[in-house]
1. From (1) more than 26 Å from the chain's Cα centre (by Cα); (2) crowded, with 21+ Cβ neighbours inside 10 Å, pick out the condition that doesn't hold for residue B:83.
2. Against the definition (assigned to a helix (DSSP H, G or I) and either touching a His at 6+ places or on another chain (Cβ under 6 Å) or more than 7 Å from chain A (Cβ to nearest Cβ) (or both)), how does residue B:144 come out, yes or no?
3. For segment B:123-132, check the following and say yes or no: at least one residue is at pLDDT 90 or above, touching a Leu at 6+ places or on another chain (Cβ under 6 Å) and aliphatic (A, V, I, L, M).
4. Only one of these is more than 19 Å from the chain's Cα centre (by Cα), farther than 28 Å from residue A:257 by Cβ and in contact (Cβ under 8 Å) with a residue 60 or more places away in the chain: B:182, B:155, B:190. Name it.
5. Given segment A:143-251, what helices (runs of 4 or more DSSP H) lie entirely inside it while holding 3 or more residues that are over 30 Å from residue A:131 (Cα atoms) and of a type in the set (A, V, I, L, M)?
6. Might you check whether a residue that is within 14 Å of chain B (Cβ to nearest Cβ) and part of a helix (DSSP H, G or I) occurs anywhere in segment A:44-56?
7. Give just the number: which of (1) more than 18 Å from residue A:16 (Cα to Cα); (2) more than 9 Å from chain A (Cβ to nearest Cβ); (3) out of contact with any helix residue (DSSP H, G or I) (no Cβ under 6 Å at 6 or more places or on another chain); (4) part of a helix (DSSP H, G or I) does residue B:169 not satisfy?
8. Criterion first (in contact with a strand residue (DSSP E or B) (Cβ under 9 Å, 6 or more places away or on another chain) and part of a helix (DSSP H, G or I)) does residue B:233 satisfy it?
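The values are calculated or read from the model by the stated rules, or taken from the named source; none is laboratory data. Being a predicted model, the structure only gives us computed values, none of them experimental. Please note: Cβ atoms are built from the backbone with ideal geometry, for glycine as well, and neighbour counts cover all protein chains shown.
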Amino acid sequence: MATAAKKQRRFNFRGSLCMPFAVFMLLFVIFPLCLIVYFAFTDSSGHLYLDNWGKIFTDSTKWLVIGRTFLIAFLTTVFCILIAYPIAFILSNGDRRIRKNKILVYIFILPMWVNFVLRTMALRDMVNWFTSTLFNFQLTSTHPLVGVVVGMVYDYLPFAILPLYNQMIKMDKSQIEAAADLGANPVQVFIKTIIPMTIPGIISACTMTFMPTMSSYVIAYYMGNGKMSIIGTEIEAYAGSGTQGYNPASILSLVMLFIIGLSIFAEKLFDKKGETREGGIW
Amino acid sequence: MVENRVLSLEETNRALKRKAISNKTKHIFSLVFVYFFMLLIYSPLIYITIFAFTSAKTTGQWTGFDMKAFVNLFSGRNKDGVEIWNATLNTMIVALTSATLSVLLGTLGAIGIYYSRNKLWKKSLQFINQIPIVNAEIVTALSLCVLFISVARLETSFFTLIIGHMILSLPYVVLSVLPKLEQMDPSLYEAAMDLGATQRRALLTVVIPDILPGILSGFMLAVTLSLDDYVITAFTAPKDALWEVEVGGNFLNEFKTLSTYVEGTMKLGMPIELRSFTAILFGVILLVMIGMYIKNGVDIRKQKRIRKFRIRRN
């Protein structure tokens, strides 16, 4: 009996099951990211080479692209949060008669069965038809920036709803009621209790929309009529030019990784109880 | 300030009524809000579906009711039609293969993470699992390209495509299985062991059935993410078709999934066959919605019947 117990302590059968997973992630997630760092500081023959950094960061068009990327990502995130917040609130704390899980699947899963390129294309056609019949101009060619933001908000809205929803179902409802009982008006209740309780969700929703917005060059290209290049567009252009383009592409990726790291740090700072989970849709 | 006086019956009734009405307006307002945005999300698909029934070159022009787009799609002689079905088949193969592998690896991974005794190991695995979720897709795609092409000196192939899609969906599988493990009663496994089951048998007959809902939702998520993906596919997909298809003397020998095929047609505008295909996809989505709606109704009625039965018994 004692030896059996000892044996069990020595070899954790269930714990060992994660080995294939760990090896896979190490090989295809961690190692490639290390390669990105390595490639950012070398040239195509593998020697230390820093001129690419100078070339990229002294180029004024690159700064324009980076600035535009931030502007688009910022606007998209703001609009996504503004729309997603009430939706998530209604789904998580609204009337019981609203079938939340069903609506979440409707909003989140089912549209994705139509590939996102096809959805973007349909959106472009519809938006252009809409503005040309009503206002006599094509949105994507006359106001490419607006077009890109519309496309991004359309595509990433579900990604803002889900983390907010996951945070809001954990919300302590008695606090809201207590604030109201103690004489706070609805605005005060919202600002003093609901917002502070959902900050981790807001930050996580920001990350979930800000990051993909920066990289999604397909939407930027087609909703901006080819005029709105963003960081993702530049990375794609470098990578598409062949293996020698991987080095400058890695530099830009490293910049993106840095921003991602910052946002994860911000999320960790606010979320003390552990990460907001993604599961539980079905 | 709150007034301290006794309300008459009439006043109480009036106040209750007012509250009921305000609740009702709140309910209706929130329903309208949610369904309005849902309609917005589906509006491009509805738009394309409407213009699938006319054969004008560009959407937005109605040149009379026409089934040409559907006929072309199913005729088997139209190049775009055949390409669409070919791409659909490729997409399905990639989605099902990568989702199956992800579920296998992810379920084992989640079980391993949950039961590992080393806190640091557990935490770091969970952190690594989070990386592909927060990482920009294009960075993931580029890093894979660097690994496969520059370092391993491989050509992009079906294998690299599957790896790419697995990275996309694996974290979500782990995240949908982990909560189910947390909900599980730990004594069940111990009981199975005490009753003489081997570790493997206890796992297969006790743990797996218990976390099956999580595994299934992980599978659905994996398939969905794979169907939706473009960036990873564009970077890691093979150049040559898995098999050649002939249409009117031409051979389609490029490997295309739906996303890369649609991307290829985007500059020239959507071919009408793609419109009818979108209409069919939208039809499938509508059917699933109706199915869920009916299932929901049946579930609610079942619950009501159970409740009634309980009340009667009491």
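1. Only one criterion is unmet by residue B:83, namely (1).
2. Considered against the rule, which asks whether it is assigned to a helix (DSSP H, G or I) and either touching a His at 6+ places or on another chain (Cβ under 6 Å) or more than 7 Å from chain A (Cβ to nearest Cβ) (or both), residue B:144 comes out as no.
3. no
4. Residue meeting the stated conditions: B:182.
5. A:144-168, A:173-181, A:195-215, A:231-240
6. no
7. Evaluating residue B:169 over (1) more than 18 Å from residue A:16 (Cα to Cα); (2) more than 9 Å from chain A (Cβ to nearest Cβ); (3) out of contact with any helix residue (DSSP H, G or I) (no Cβ under 6 Å at 6 or more places or on another chain); (4) part of a helix (DSSP H, G or I) leaves (3) as the failure.
8. no
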